1. Step by step: first the residues of the stretch 201-227, then only those that are part of a helix (DSSP H, G or I) and under 18 Å from the mean Cα position of the chain (by Cα), then the one that is nearest to Gln178 (Cα to Cα). Which residue is that?
2. Under 6 Å by Cβ, and 6 or more places apart or on different chains, what pairs join a residue from the stretch 188-213 that is within 16 Å of ligand 1 (Cβ to nearest atom) with one that is of a type in the set (Ser, Thr, Tyr)?
3. Test Val191 against the stated conditions and say whether it is at pLDDT below 95 and of a type outside the set (D, E, K, R).
4. Would you check which residues across the stretch 107-125 are of a type outside the set (Gly, Ala, Ser) and out of contact with any strand residue (DSSP E or B) (no Cβ under 8 Å at 6 or more places or on another chain) and list them?
5. Can you list residue pairs whose Cβ atoms sit under 7 Å apart, with the first residue in the stretch 7-18 being in contact (Cβ under 8 Å) with a residue 24 or more places away in the chain and the second being within 11 Å of ligand 2 (Cβ to nearest atom) and in a loop (DSSP other than H, G, I, E, B)? Count only pairs 6 or more apart in sequence or on different chains.
6. Return the only residue of Leu120, Leu185 being within 16 Å of ligand 2 (Cβ to nearest atom) and either on the phi > 0 side of the Ramachandran plot or in a strand (DSSP E or B) (or both).
7. Among the residues of the stretch 183-206, write down those that are polar (S, T, N, Q) and out of contact with any Leu (no Cβ under 8 Å at 6 or more places or on another chain).
Amino acid sequence: MKIRVLGSAAGGGFPQWNCNCRNCAGVRAGTLRTRSRTQSSIAVSGRDVTQWALVNASPDILAQLKANPVLQPGRTPRDTAIAAVVLVDAQIDHSTGLFMLRESNRPLQVWCTDGAHADLTGGNPIFRVLSHYCGVERRELKADGSRFTIDGIEGVSWRALAVASKPAPFSPHRDAPQPGDNVALVIGDSVSGGHAVYAPGLGAMEAPVWRAMQSAAIVLVDGTFWSDDEMIAMGLSKKRARDIGHLPQSGAGGMLEWLDRLPIGTRRILIHVNNTNPILDEDSAERAELTRRGIEVAWDGMELLL
Ligand code: MLT
Ligand code: MN
Ligand code: ZN
């Protein structure tokens with residue numbers, strides 16, 4: 001099984017179009033040792049290396065396809081290697097890329113929970129709009145940890161686990177999250193028996209996802225914010241990381257403490273990194289702290305084998 005990181009940034013990307021924080025200004029000026037990053041998405045392939053599951057459809061999907069030609073192999077006049085799309089939630093950064101796939105010559109197979117489906121037919125009716133183009137063949141993603149497989153992605157097994165986070169701001173229950181609004185994916189290789197855990201939005205560590213992380217070969221987890229008040233301290237927002245469903249890395253009970261507790265040998269990778277996060281600066285003290293703890297920061301084009 002192969003995982004390719006298509007986009008490692010959180011919503012807004014890096015640099016964010018209207019942002020002049022230290023990181024965004026630094027990457028634009030070329031004065032910061034870093035890489036620019038597109039918005040949150042990975043792709044997964046199994047035994048058949050010509051078929052991929054797109055996990056989250058980022059607003060940057062077209063740039064991501066260009067950067068990853070394996071996803072558009074060009075065998076026939078109209079062609080794609082994307083066999084299906086799996087959504088971890090209905091947030092803008094994970095779902096609006098579906099619009100860019102509207103020229104598909106068959107309905108897009110999209111796996112999402114009932115909660116995400118309600119938001120994608122209600123608050124942000126992407127599925128209804130797409131019915132006027134290629135259409136959507138929706139598959140139910142159950143957030144109860146039950147195993148499922150995706151046609152074409154042979155040798156890969158999937159489980160979705162409800163996680164504590166937040167549905168999108170346009171959801172009627174933004175402030176009363178329900179199980180299944182956000183999920184972590186446990187993506188397993190049926191030959192090796194190993195699995196990776198992918199959780200770009202994780203507001204608090206709960207037992208089911210923690211159990212899956214403890215037995216994982218690779219964890220790709222919420223790297224949005226370094227500190228809970230990061231955007232407040234920069235005068236960019238009034239919201240704390242935890243208010244919008246993201247567990248910060250630093251501080252008591254933060255992601256670093258959890259990652260420290262994983263078995264030695266677990267590959268620990270932060271993904272869905274917000275442009276304000278100091279870990280994007282490869283010369284920062286925070287990045288040095290990650291390196292000291294054996295934690296990596298995902299980058300666009302990163303490839304993981306399992
Ligand atoms: C989030 O995960 O909170 C998002 O990145 C927000 C967004 O896409 O605007
Ligand atoms: Mn996001
Ligand atoms: Zn910024």
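The values are calculated or read from the model by the stated rules, or taken from the named source; none is laboratory data. These numbers come from a predicted model, not from an experiment. Note that we place each Cβ from the backbone using ideal geometry, even for glycine, and neighbour counts take in every protein chain shown.
1. Our first condition is that a residue be part of a helix (DSSP H, G or I); within the stretch 201-227, this holds for 207-214.
Now drop any that are not under 18 Å from the mean Cα position of the chain (by Cα), which leaves 209-210, 212-213.
Numbers: Val209: 16, Trp210: 19, Ala212: 21, Met213: 22 Å.
Filtering the stretch 201-227 for residues that are part of a helix (DSSP H, G or I) and under 18 Å from the mean Cα position of the chain (by Cα), the one nearest to Gln178 (Cα to Cα) comes out as Val209.
2. Pro200/Ser40; Gly201/Ser165; Gly203/Ser165
3. Values: at pLDDT below 95: yes; of a type outside the set (D, E, K, R): yes.
Yes.
4. Of the stretch 107-125, the ones of a type outside the set (Gly, Ala, Ser) are 107-114, 117, 119-121, 124-125.
Passing the criteria: Asp119, Thr121, Asn124, Pro125.
5. Gly7/Ser40; Gly7/Ser58; Ala9/Ser40; Ala10/Ser40; Ala10/Thr224; Ala10/His272; Ala10/Asn274; Gly11/Gln91
6. Numbers: Leu120 fails: either on the phi > 0 side of the Ramachandran plot or in a strand (DSSP E or B) (or both).
Exactly one residue qualifies, and that residue is Leu185.
7. Step one: list which residues in the stretch 183-206 are polar (S, T, N, Q), which gives 190, 192.
Matches in the stretch 183-206: Ser190 only.
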